[in-house]
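Taking it in order: structure first as structure tokens, then the write-up.
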Amino acid sequence: MAANQSDVGFRSSLGRVRGLGSARTGAEHWVSYRLLSAAYVPLLLWFIIAVVGLTGADHATVTAWIAKPLNAVLLLLLIGVTFHHAAYGMQEIYEDYIHGKLAKTAVIGLTRGACLVLAVASAFSVLKIAFAG
Amino acid sequence: MTDTQAAPTAQRPNRPLSPHLQVYRLPLPAIASITHRITGAGLTAGTLLFAWWLVAAATGAEAFDTVQGVLGSPIGLLILFGFTWATWYHTLNGIRHLVWDAGGALELGAVYRGGFLVWGGSVGLTIVTFIAAFALK
């Protein structure tokens with residue numbers, strides 16, 4: 001906030017508040033995060049039960065399980081929801097505890113980037129197993 | 001209006017500070033709340049394990065055996081146990097949050113009951129998950 005002190009007299013009121021308040025997408029973001037969270041519950045239960053069933057299974061058994069169309073589709077959905085939920089959940093934590101604007105923006109961006117990379121790598125793995133064996 | 005935060009601290013009256021977080025014994029709802037965040041951050045780190053498992057499965061039998069070997073070691077099992085508990089805790093407490101967001105169970109008694117339920121449920125389900133996994137192995 002210290003940076004604002006110097007330009008108090010030169011910037012219009014609108015100029016100073018722009019970008020600091022509601023971007024008119026807050027409620028949408030909030031609702032979609034809750035809906036995705038609700039959808040996450042059955043997906044996760046399916047995955048936990050499946051993984052318990054795969055305990056100690058060898059490579060051939062696990063890849064054969066992943067390659068089944070229903071499992072591959074549900075895994076892709078699980079990957080999407082998991083990394084989206086992780087990125088935005090971490091963003092909420094950062095927004096509460098990191099107060100420097102640059103540090104906050106950087107950490108949120110890095111987390112989103114890392115989640116995107118992991119999501120694409122995971123999804124690609126599922127597709128490779130499903131299509132190329 | 002937006003510049004009130006920029007007022008120099010020297011101009012503020014030197015009021016006594018109130019005791020902060022560490023002075024109080026946190027009530028159950030507060031512990032349940034911060035645990036949701038801690039498990040959430042832990043699970044985000046845990047996604048690395050999930051991604052590693054999938055990438056290794058796509059890479060080949062040798063890479064996959066390495067992952068299975070690491071996860072089957074004592075430290076690996078300990079991490080998996082923590083991962084499993086964090087998953088159950090965050091899932092159960094997440095459902096509790098969704099109920100709150102829908103406007104339900106907001107009375108103090110319900111908040112305490114929910115906290116006990118989530119703690120007990122997550123520990124119970126973690127044990128059940130591991131018993132099932134070892135029974136099927």
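The values are calculated or read from the model by the stated rules, or taken from the named source; none is laboratory data. Since we're looking at a predicted model, the values are computed, not measured. Here Cβ is always computed from backbone atoms with ideal geometry, including for glycine, and neighbour counts include all displayed protein chains. Heavy atoms of the whole protein, side chains included, go into the accessibility calculation; ligands, DNA and RNA do not. Shrake-Rupley method; radii C 1.70, N 1.55, O 1.52, S 1.80 Å.
Simple rule: put +1 on each Lys or Arg Cβ and -1 on each Asp or Glu Cβ in chain B, find the dipole, and look at B:ALA56, B:GLN22, B:THR39; the Cα lying farthest toward the positive end is B:GLN22. A 1.4 Å probe run over the protein chains yields, for the protein assembly as shown, 62 Å² of accessible area per residue, whole-number rounding. Rounded to the nearest 10 degrees, the inclination of helix B:28-59 to the longest alpha-carbon principal axis of chain B is 30 degrees. Axis of helix A:101-132 versus longest Cα principal axis of chain A: the two differ by about 20°, to the nearest ten degrees. In order along region A:78-91, the Karplus-derived 3J(HN,Hα) couplings, from 6.51 cos²θ - 1.76 cosθ + 1.60 at θ = phi - 60°, round to 4, 4, x, 5, 4, 6, 5, 4, 5, 4, 7, x, 5, 4 Hz, and Gly and Pro are given as x.
In this Cβ point-charge picture (+1 for Lys and Arg, -1 for Asp and Glu), the protein assembly as shown has a dipole of about 600 debye about its Cα centre. Ranking of A:PHE47, B:PHE81 by solvent-accessible surface, largest first: B:PHE81, A:PHE47 (1.4 Å probe, protein heavy atoms only, all chains present). Principal axis extents of the C-alpha atoms in the protein assembly as shown (largest first, rounded to whole Å): 70, 44, 34.
Rounded to the nearest 10 degrees, the inclination of helix B:61-72 to the longest alpha-carbon principal axis of chain B is 60 degrees.
Taking all protein chains together, A:GLU95, A:GLU28 sort by accessible area into A:GLU28, A:GLU95, largest first [probe 1.4 Å].
Dipole check for region A:33-132: with +1 at the C-beta of Lys and Arg, -1 at the C-beta of Asp and Glu, and the Cα centre as origin, the magnitude is about 200 Debye.
With Cα atoms as the point set, region A:35-133 shows a radius of gyration and Dmax of 16.3, 49 Å. Diffusion coefficient of chain B by Stokes-Einstein, Kirkwood radius over Cα pairs, 20 °C, 1.002 mPa s: 115 µm²/s.
Taking other residues whose beta carbon is less than 13 angstrom from the beta carbon of B:LEU28, and scoring Lys, Arg as +1 and Asp, Glu as -1, yields +3.
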